[in-house]
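In what follows, a structure is listed as structure tokens, so that the remarks can point back to it.
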Amino acid sequence: MGASIGAGNLGKDVVTAVGGLRILEGISFEINPGEAVAIVGASGSGKSTLLGLLAGLDLPTAGSIRIDGIDITTLDEDARARLRGRSVGFVFQSFQLLPGLTALENVMLPLEIRGDRDAAVRARDFLGRVGLEERLTHYPRQLSGGEQQRVAIARAFASQPRLLFADEPTGNLDAVTGNRVIELLFGLRAEQGATLVLVTHDERVAARCDRRLVLEAGRLVDLPAIAS
């Protein structure tokens, strides 16, 4: 079953050369276990910043973030890393594969870090499930963009995360390849029952989610009512 996640009055400020900049302000929401939620909005609205905060990759200036009731803003970096290793998967727009590792080794790495003894077996299984059983020994430079994203999806799901974050998972892909990646992403998510939170500009991806969080200039806004 997926994890619950919530934000309470979340804010994020950064210091620039010309002074302070408020990226997020007053963000509050709850996401139920097993939901698929799209974070949408114009470029610069704070979507990727919000995703990074929810994943514990950065800390907010104000507010709280709860995963299964645990306020991760009170944890140190090591504790947040352990939580991510146990419960969280991440799919990046730029794939974030290690160039010196093969496809198989890239998927095995997070499993080995957390001490899984069957890392190689699980990695082979998930690469097969995304159609890359003949690419196990290929390095990222030898793979197409779509193949690299499929390796990234296999890596994210191989650890059977209860919570999956995805940042523009089809952003660097053509329409046909993007559609295949969407089917894989949502198919594996449904199979594992994971909670999915993703940032996207792609209407095809947002339409597959249960609901949307719309950001505008760092604040959540309500969707307009649908006329009857």
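Take every DSSP beta bridge with both residues inside the chain and express the antiparallel ones as a percent of the total, to the nearest 5.
50
Helix 103-113 sits at what angle to the longest principal axis of the chain, using alpha carbons and giving 0 to 90 degrees rounded to 10?
That works out to roughly 60 degrees.
Which residue fluctuates the most in the chain, going by a Gaussian network model with Cα springs under 10 Å, if the choices are E30, E105, E134?
Checking each option, the largest mean-square fluctuation is seen for E134.
Tell me whether region 94-137 comes out rounded, prolate or oblate; compute the Cα gyration tensor, take square roots of the eigenvalues as a ≥ b ≥ c, and use a/c under 1.5 as the rounded threshold.
Since a/c reaches 1.5 but b/c is at least a/b, the shape of region 94-137 is classed as oblate.
Against the longest alpha carbon principal axis of the chain, how many degrees, from 0 to 90 and to the nearest 10, is the axis of helix 77-87 turned?
Approximately 60 degrees, to the nearest ten.
Could you give each residue of region 24-37 its phi-based ³J(HN,Hα) in whole Hz, using Karplus coefficients 6.51, -1.76, 1.60 with θ = phi - 60°, and x for Gly or Pro?
Karplus-based 3J(HN,Hα) across region 24-37 equals 10, 8, x, 8, 9, 6, 10, 10, 7, x, x, 6, 10, 10 Hz.
For the chain, what does the accessible surface come to per residue with a 1.4 Å probe? Please give it in Å².
Ligands and nucleic acids excluded, the figure is 48 Å² per residue.
Calculate the spin-label point distance for A120 paired with R212, positioning each point 7 Å from the Cα along the beta-carbon direction, and give it in nanometres.
4.7
Just need the relative contact order of region 59-197 here, percent rounded to a whole number, with Cα pairs under 8 Å and 6+ apart.
This gives 29 percent for region 59-197.
How much accessible surface area, in Å² rounded to 10, belongs to the heavy atoms of R204 with a 1.4 Å probe?
80
At 222 nm, what value in deg cm²/dmol follows for the chain if DSSP H runs of at least 4 each add -39500 (n - 2.57) and the sum is divided by all its residues, to the nearest 500?
Here the helix-only value at 222 nm equals -10500 deg cm²/dmol.
Once you sort the root eigenvalues of the Cα gyration tensor of the chain as a ≥ b ≥ c, which label holds: rounded (a/c under 1.5), prolate (a/b larger than b/c) or oblate (the other case)?
Prolate, since a/c reaches 1.5 and a/b exceeds b/c.
Could you let me know the centre-to-centre spacing of region 101-115 and region 1-62, using Cα atoms, in angstrom?
For region 101-115 versus region 1-62, the Cα centre distance is 28 Å.
Where does each of F165, F95 land when they are ordered by accessible area, with a 1.4 Å probe and the largest first?
My answer, sorted largest first, is F95, F165.
Which residues among region 16-33 fall inside the zone where the amide N is under 15 Å from a point 7 Å beyond the Cα of V221, along Cα→Cβ?
Answer for this model: 25.
The values are calculated or read from the model by the stated rules, or taken from the named source; none is laboratory data. Note that this is a predicted model, so its numbers are computed, not measured. Ideal geometry is used to build each Cβ from the backbone, glycine not excepted, and the neighbour counts take in all protein chains shown. We work out accessible area using only protein heavy atoms, side chains counted, and drop any ligands, DNA or RNA first. Shrake-Rupley method; radii C 1.70, N 1.55, O 1.52, S 1.80 Å.
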